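The structure appears right after this line, and notes come after that.
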Amino acid sequence: MPDKTMAQKAGPKQRRLGKLAMSLAAGVSMAAVVGVAQPTPVMAQKAGDAKLGAYLAARVAGADRDLGAAVEYYDQVLMVDPDNPEILSAASLFMLADGQVEKAIATAERLLEYRPDDGTALLLASVGKMTEGDYAGAAELVATVPLTGINRLLGPLVEAWVLVGLEQVDDAFAALEKLSIN
């Protein structure tokens, strides 16, 4: 019989925390999508003319808040240009906003190969670690999130959930104190 994954070994408390963390990430994703700077057409030139239409369609769908369509079009662009950090970034946010959390996490993890200091990708990857029950791994990732922009809010929230998962409740409350600092 194969070894159980960390998610399978996790108790009900850890699974609930993982689900709560995913819900938190999904809930705040709309704010990230609203504030995301969509890639410019220059960024899509690597995809070539054949997929430029898909790229433009993704931008239009995103502007219209048609999240599912935006994800589909970004998927098409990523098939041709899988290493474009701008496309990976936008795609992961739209995937998250559309509720495709696991796909968003996987895309964010790919983005970290090109942008290891991308705060949103680090937060998504840390949520992924939490859902697997790897709170120590999540703590390592969340500790490196630059607290700029929306991550000034999201970073301490995710950090608090990681610390609760590590059963460090007092430290979790301390992490939330960062939210009251101007």
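The values are calculated or read from the model by the stated rules, or taken from the named source; none is laboratory data. No experiment lies behind these values; they were computed from the predicted model shown. Every residue, glycine among them, receives a Cβ derived from its backbone with ideal geometry; neighbour counts consider all protein chains shown. Ligands, DNA and RNA are excluded from the accessible area calculation, which covers all protein heavy atoms including side chains. Shrake-Rupley method; radii C 1.70, N 1.55, O 1.52, S 1.80 Å.
Numbers for the structure displayed
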| quantity | calculated |
| --- | --- |
| Residue-normalised accessible area of region 106-153, given per residue in Å² at a 1.4 Å probe | 45 Å² |
| Three-way shape label, region 112-182, alpha-carbon gyration tensor, a/c 1.5 | oblate |
| Carbon plus sulfur fraction of accessible area for region 76-120, probe 1.4 Å, in percent | 47 percent |
| Charge context of residue 89, other residues only, Cβ under 11 angstrom, K/R +1, D/E -1 | 0 |
| Computed label-point distance, nm, for sites residue 75 and residue 148 using a 7 Å Cα→Cβ extension | 3.3 nm |
| Most to least packed among 170-177, 150-157 [average Cβ atoms within 10 Å] | 150-157, 170-177 |
| Under the Karplus curve 6.51 cos²θ - 1.76 cosθ + 1.60, θ = phi - 60°, whole-Hz ³J(HN,Hα) for region 67-82, x wherever Gly or Pro sits | 4, x, 5, 4, 4, 4, 5, 5, 4, 5, 5, 5, 5, 8, 10, x |
